[in-house]
Amino acid sequence: MTRRACARVIAVADQLGPILSGRSAGALLREQIEELARQQVEVVVDFSGVELATPGFADELFAKIDSSLVDTGQVQFTHLDAELSVLRDFVVVQRTRA
Amino acid sequence: MPADAVEARLSGAYPLEEVDALVVDLAPLLDLIDSPKIQLDLRDLEILHPSTAVVLAAVVAECAAAGRFGPTSEVLLPRKAAVRNAVRRLPGFDQLAPFFSGAGGLGGGPAGGFACHHFTSEVAARVIGRELTAALEASCEVDEPASNAIRTCLDELLDNVLHHADTAMGGFAAARGWRKPPRFEVAIADLGIGVRRSLTKNPEYASVADDMAALAKAVQLGVTSTPDRNSGYGLAVTRGLLDRNHGLLVIKSGWAELWLGSEEEAVGADAPFPGTFVGLRARTNRPFNVTEVYRSLLGELE
């Protein structure tokens with residue numbers, strides 16, 4: 001059994017500001033999360049203070065991330081408001097069907 | 001004017017619905033005839049709409065980059081002071097100062113009511129998306145959902161230029177708001193490879209027959225030339241917003257022009273536009289909520 005290290009919290013708004021925009025920024029955040037996950041770190045991605053995310057950013061983060069990391073709970077997205085939750089569902093379903 | 005000069009003359013106004021007339025009038029410059037003797041006559045231009053600003057700036061930048069302004073070239077500035085000053089502030093026009101002549105010359109009169117920006121990178125696109133959104137918040141009545149939707153549209157459409165136009169020249173963007181009636185316009189133009197050439201890079205759309213078929217395909221959710229990277233959101237989400245707002249979305253590329261929103265029409269063009277133009281007009285006293293568009297599109301997918 002693999003033992004996970006303590007959780008690492010990424011405060012997205014502190015790191016990127018309240019507006020999350022651009023594929024490059026989304027891809028960089030996803031790569032940061034996946035690198036921590038490779039080190040067996042549990043990652044909590046906290047969206048407190050985020051006011052807006054664009055579809056391109058959301059696609060890079062929510063839809064392109066290794067879904068097993070989310071399914072197993074190793075990566076958790078927290079404090080997504082209703083708008084962000086709809087956007088996350090939209091980009092995940094869209095890429096799944098593409 | 002020298003006998004072998006290339007002359008383009010703009011007059012009156014070219015609102016969003018008349019962008020084809022603008023392209024027709026600029027066609028002598030778009031033809032890229034190898035003549036260093038350009039005369040650009042803007043004396044009778046009476047209004048500088050965002051659509052006019054971005055197309056004019058893109059064409060002039062292309063001509064300037066190709067070294068097509070020579071010693072005998074001439075740019076006749078608009079007679080109206082406000083239009084003249086707005087034109088002089090367009091990206092790249094500062095380099096044309098040696099060719100300026102006609103009414104007014106330097107200074108005088110108020111500045112135009114909006115800015116036109118040139119961008120070639122994602123960093124610049126983010127700054128412009130933020131600045132244009134803020135400018136519209138200040139100039140017309142925009143609530144928070146509409147502000148978020150404007151920013152989303154801008155960022156996605158600006159990124160479309162960088163991801164699909166395939167030109168080092170990048171793109172040009174402008175936005176303007178009005179209080180009565182409360183509305184705004186956004187316009188983005190590039191002189192890249194155009195929608196059809198971009199879309200047919202994806203083998204799934206390699207058989208797209210013509211420019212109009214390419215535009216009709218490009219506004220559908222999930223249609224993109226680069227499916228590994230992109231997801232075909234920008235135009236589809238913008239279309240959804242304009243549908244609900246009963247606004248107008250105009251897309252122009254090659255020999256085709258497509259109107260969506262309150263008026264849905266596929267119209268041919270009287271002159272080809274070598275890149276891509278996207279313009280939109282929305283009322284701010286009607287819904288402009290991007291989350292509602294996501295919900296609707298999600299419902300269609302599930």
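Candidates are the residues of the range A:63-93 that are among the β-branched types (Val, Ile, Thr) and either closer than 18 Å to B:Cys153 by Cβ or more than 8 Å from chain B (Cβ to nearest Cβ) (or both); the one that is most open to solvent (accessible area, probe 1.4 Å) is A:Thr72.
I'm checking my understanding of the structure. Among residues of the range A:21-62 that are at the interface with another protein chain (Cβ under 10 Å from one of its Cβ atoms) and outside any helix (DSSP H, G or I), which one is surrounded by the fewest Cβ atoms within 10 Å (Cβ to Cβ)?
Ranking the qualifying residues of the range A:21-62, first place goes to A:Glu51.
Among the residues of the range B:252-292, the one identified as within 14 Å of chain A (Cβ to nearest Cβ) and in contact with an Asp or Glu (Cβ under 6 Å, 6 or more places away or on another chain) is B:Thr291.
Quick one: is B:Ser225 polar (S, T, N, Q) and either assigned to a loop (DSSP other than H, G, I, E, B) or away from chain A (no Cβ under 14 Å) (or both)? Write out each step before concluding.
Numbers: polar (S, T, N, Q): yes; either assigned to a loop (DSSP other than H, G, I, E, B) or away from chain A (no Cβ under 14 Å) (or both): yes.
Criteria met by B:Ser225.
When the range B:228-242 is filtered for residues that are more than 9 Å from chain A (Cβ to nearest Cβ) and among the β-branched types (Val, Ile, Thr), only B:Thr238 remains.
Go through B:Ala168, B:Ala149, B:Ala174 for me and flag whichever is open to solvent by 10 Å² or more (accessible area, probe 1.4 Å), over 21 Å from B:Asp228 (Cα atoms) and not hydroxyl-bearing (Ser, Thr, Tyr).
On the way: B:Ala149 fails: open to solvent by 10 Å² or more (accessible area, probe 1.4 Å); B:Ala174 fails: open to solvent by 10 Å² or more (accessible area, probe 1.4 Å).
None of the others qualify; the one that does is B:Ala168.
When residues in the range B:66-114 are screened for being of a type in the set (A, V, I, L, M, F, W, C), at pLDDT 90 or above and under 25 Å from B:Leu136 (Cα atoms), 7 of them pass. Can you say whether B:Thr238 is within 16 Å of B:Glu185 (Cβ to Cβ) and of a type in the set (Ser, Thr, Tyr), as far as the supplied structure shows? Here the answer is yes, as B:Thr238 does meet what is asked. Counting only residues that are more than 24 Å from the chain's Cα centre (by Cα) and in a helix (DSSP H, G or I), the range B:268-302 holds 10 of them. Does any residue in the range A:13-36 that is among the basic types (Lys, Arg) come within less than 6 Å, Cβ to Cβ, of a residue that is in a helix (DSSP H, G or I) six or more places away or on a different chain, and which pairs are these? Qualifying pairs under 6 Å: A:Arg23/A:Gly56; A:Arg23/A:Glu60; A:Arg30/A:Glu60; A:Arg30/A:Leu61. With respect to B:Arg295, determine if the residue is out of contact with any Asp or Glu (no Cβ under 6 Å at 6 or more places or on another chain), closer than 23 Å to B:Asp143 by Cα, touching a residue at least 24 places away in the same chain (Cβ under 8 Å) and among the charged types (D, E, K, R). Judged against the criteria, B:Arg295 is not a match.
The values are calculated or read from the model by the stated rules, or taken from the named source; none is laboratory data. Keep in mind that what you see is a predicted model, and the values were worked out from it rather than measured. Glycine also receives a Cβ, built like all others from the backbone with ideal geometry; neighbour counts cover every protein chain displayed. Just the protein is used for accessible areas: all its heavy atoms, side chains included, with ligands, DNA and RNA removed. Shrake-Rupley method; radii C 1.70, N 1.55, O 1.52, S 1.80 Å.
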